[in-house]
Amino acid sequence: MPAGSIISRPLFRRETNAPLRAKETEVNTMRRPLVAGNWKMNGDLQLVMQVEECLAEAELGHLDVVICPPFPYLSSFTSDDIAIGGQNLSQYESGAHTGEVSGKMLKAVGCDYVIIGHSERRADNFETNALVADKVERALADELTPLLCVGEPLEIREAGELFEFIAAQLDAVIEHIGIQDMAKLVIAYEPVWAIGTGKTATGEQAQEVHKFIREHLAKRDAGIAENMQILYGGSVKASNAAELFAQPDVDGGLIGGASLSPQDFLGICQAAK
Ligand code: 13P
């Protein structure tokens with residue numbers, strides 16, 4: 001389909017009204033899989049259409065599918081089967097913050113989710129654990145589900161400081177918003193050394209950290225820990241997704257490069273349990 005025909009598409013997708021996940025403290029082991037595509041600063045309007053068309057033909061009712069394209073493409077998504085999310089939001093509600101995008105703006109163009117604390121933003125934009133916690137609070141105030149990213153650089157893993165590092169990233173948020181509101185988040189474990197490098201964590205490595213994250217939450221609230229969707233991100237491909245998603249504490253993926261190919265992204269979605 002020619003790219004120009006996109007212009008005739010509706011300007012705004014459906015009103016977003018997906019409820020934030022309820023605060024739940026009872027234990028429910030039936031976690032729904034979630035696969036999210038993080039396009040980063042890639043893609044175009046044609047890719048929006050290609051992804052929508054590709055996924056429309058598939059049976060994906062058993063999982064949540066989310067696409068996080070660059071801001072300018074958000075309102076070009078029209079499918080009710082795909083939720084959309086921002087890749088970032090401002091910690092402020094509104095005001096003189098040139099270049100920033102607020103949670104309310106994301107909500108207004110149909111977002112249900114927003115990625116917060118991605119390692120690329122932590123590195124490129126100096127986002128600290130404290131700022132990430134502020135952004136999570138802001139997203140919740142604007143009724144967006146934060147996809148909170150945590151993950152260690154290689155030197156931290158090699159120094160044997162992996163678990164302290166992840167715990168500190170989590171605790172900054174838990175202490176800021178309180179454990180009960182953690183029920184409204186999705187967590188993504190993204191080892192920095194596996195992002196965009198082609199080096200994927202093995203199923204065993206992913207499971208070890210996912211289990212740690214769940215146990216860390218369980219120290220404060222077992223029900224919230226059990227219900228938390230914990231995604232793995234870092235060089236997930238259609239060829240390795242099944243092994244990763246088969247791990248008991250891996251509830252889906254946050255997909256970078258492979259989400260730019262509709263067929264590959266579909267293959268990853270189909271691999272979700
Ligand atoms: P890749 O899948 O390209 O490694 O990126 C992962 C990621 O950063 C998703 O947020």
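How many residues are within 22 Å of Gly256 (Cα to Cα) and in a loop (DSSP other than H, G, I, E, B) when one looks only at the range 154-193?
Within the range 154-193, residues that are within 22 Å of Gly256 (Cα to Cα) and in a loop (DSSP other than H, G, I, E, B) number 3.
Looking only at the range 195-221, count how many residues are over 19 Å from Ile255 (Cα atoms) and either outside any helix (DSSP H, G or I) or within 15 Å of the ligand (Cβ to nearest atom) (or both). Full working, then the answer.
Keep residues of the range 195-221 that are over 19 Å from Ile255 (Cα atoms), which gives 208, 211-221.
Checking which are either outside any helix (DSSP H, G or I) or within 15 Å of the ligand (Cβ to nearest atom) (or both) leaves us with 219-221.
Result for the range 195-221: 3.
Starting from the range 245-273, take each residue that is closer than 23 Å to Pro146 by Cβ and among the aromatic types (Phe, Trp, Tyr) and list its partners that are open to solvent by 20 Å² or more (accessible area, probe 1.4 Å) and part of a loop (DSSP other than H, G, I, E, B), counting only C-beta distances under 8 angstrom and pairs at least six apart or across chains.
Note: pairs meeting the criteria are Phe245/Lys273.
Name the one entry in Ala56, Ala96 that is modelled with pLDDT under 95 and of a type in the set (Gly, Ala, Ser). Full working, then the answer.
Numbers: Ala96 fails: modelled with pLDDT under 95.
None of the other options fit; the residue is Ala56.
Hey, can you tell me all the residues within the range 38-63 that are within 16 Å of the ligand (Cβ to nearest atom) and not in a helix (DSSP H, G or I)?
Going through the range 38-63, the residues within 16 Å of the ligand (Cβ to nearest atom) turn out to be 38-43, 47, 51.
The answer is Asn38, Trp39, Lys40, Met41, Asn42, Gly43.
Which condition number does His97 fail, the rest of (1) over 30 Å from Leu244 (Cα atoms); (2) open to solvent by 30 Å² or more (accessible area, probe 1.4 Å); (3) touching a residue at least 12 places away in the same chain (Cβ under 8 Å) being met?
Every listed condition holds for His97 apart from (3).
Identify all residues within the range 112-145 that are open to solvent by less than 20 Å² (accessible area, probe 1.4 Å), part of a loop (DSSP other than H, G, I, E, B) and within 16 Å of the ligand (Cβ to nearest atom); write none if there are none.
In the first step, residues of the range 112-145 are kept if they are open to solvent by less than 20 Å² (accessible area, probe 1.4 Å); the result is 112, 114-118, 127, 132-133, 135-136, 139, 142, 144-145.
In the following step, the residues that additionally are part of a loop (DSSP other than H, G, I, E, B) were identified as 117-118, 127, 142, 144.
Matches in the range 112-145: Gly117, His118, Glu127.
For the range 232-247, which positions are open to solvent by 20 Å² or more (accessible area, probe 1.4 Å), more than 12 Å from the ligand (Cβ to nearest atom) and within 10 Å of Gly203 (Cα to Cα)?
Once the filter is applied, which keeps residues that are open to solvent by 20 Å² or more (accessible area, probe 1.4 Å), more than 12 Å from the ligand (Cβ to nearest atom) and within 10 Å of Gly203 (Cα to Cα), the range 232-247 yields Ala242, Glu243, Ala246, Gln247.
Consider the range 89-111. How many of its residues are assigned to a loop (DSSP other than H, G, I, E, B) and not hydroxyl-bearing (Ser, Thr, Tyr)? Please lay out each step first, then the result.
Applying the first criterion (assigned to a loop (DSSP other than H, G, I, E, B)) to the range 89-111 yields 89-102, 109-110.
When the remaining residues are screened for being not hydroxyl-bearing (Ser, Thr, Tyr), the result is 89, 91, 93, 95-97, 99-101, 109-110.
Residues that pass the stated criteria total 11.
The values are calculated or read from the model by the stated rules, or taken from the named source; none is laboratory data. Model, not experiment: these values are computed from the prediction. Glycine also receives a Cβ, built like all others from the backbone with ideal geometry; neighbour counts cover every protein chain displayed. SASA here: full protein model, heavy atoms, side chains in, ligands and nucleic acids out. Shrake-Rupley method; radii C 1.70, N 1.55, O 1.52, S 1.80 Å.
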